[in-house]
Amino acid sequence: MSAPQQPGYNAPVQGKSRVTAGLLNLFLGGIAAGDFYLGYMKIGAIRVAALVLGYVLMVIGGTSDSGVLLGIGYLLVLVVGIAALACAIMTFMGKWIYEKDANGVPTV
């Protein structure tokens, strides 16, 4: 007689929701919430760092006489926003890295 198995033992792993990741990227894309949800920590950290750097440059540029830093800050924040929108679209479509999570499990 064999020992009883635990529920879920050898059950197939269910992937994370593509819709949830897409909505997180769409509404909280600046802080890379969808990337963190899927386990892409490096990409999320880069996007958050770029957003913070953009805001810091905007503050520094706004208090100085030169508008160059202010313009660079605005541009950087705009690029992060466009990247968030592009990532949301790719997540909904299941393209690029978003067809699987960071562990290689396909998103559903």
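Miscellaneous remarks
- For the chain, the per residue solvent-accessible surface stands at 66 Å², with DNA, RNA and ligands left out and a 1.4 Å probe.
- Accessible surface, 1.4 Å probe, highest first, among residues 98, 74: 74, 98
- Relative contact order (%) - the chain, alpha-carbon pairs under 8 angstrom, separation at least six: 34 percent
- Per-residue ellipticity at 222 nm computed for the chain from its helices equals -20000 deg cm²/dmol, with DSSP H segments shorter than 4 residues left out and the rest contributing -39,500 (n - 2.57).
- Apportionment of accessible area to carbon and sulfur, the chain, percent (1.4 Å): 70 percent
- Zone of residue 45's modelled label, taken as backbone nitrogen in the range 76-108 under 18 Å from a point 7 Å along Cα→Cβ: 102-103
- Derived scalar couplings ³J(HN,Hα) [the range 24-36; Karplus, 6.51 cos²θ - 1.76 cosθ + 1.60; whole Hz; x for Gly, Pro]: 5, 5, 6, 8, 10, x, x, 9, 6, 4, x, 5, 5
- Ordered by solvent-accessible area of protein heavy atoms (1.4 Å probe), largest first, the residues 36, 27 come out as 27, 36.
- The calculated FRET efficiency for residue 60 paired with residue 86, based on their beta-carbon distance and R0 = 25 Å, is about 0.35.
- Residues whose placed amide H lies under 5 Å from that of residue 100, excluding near-sequence neighbours: 107
- Summed residue charge, Cβ within 14 Å of residue 97's Cβ, Lys/Arg positive, Asp/Glu negative: +3
The values are calculated or read from the model by the stated rules, or taken from the named source; none is laboratory data. Please read these numbers as outputs of a predicted model, since none were measured by experiment. Positions of Cβ are generated from backbone atoms using ideal geometry, with glycine treated the same way; all protein chains shown enter the neighbour counts. With ligands, DNA and RNA removed, areas are computed over all heavy atoms of the protein, side chains included. Shrake-Rupley method; radii C 1.70, N 1.55, O 1.52, S 1.80 Å.
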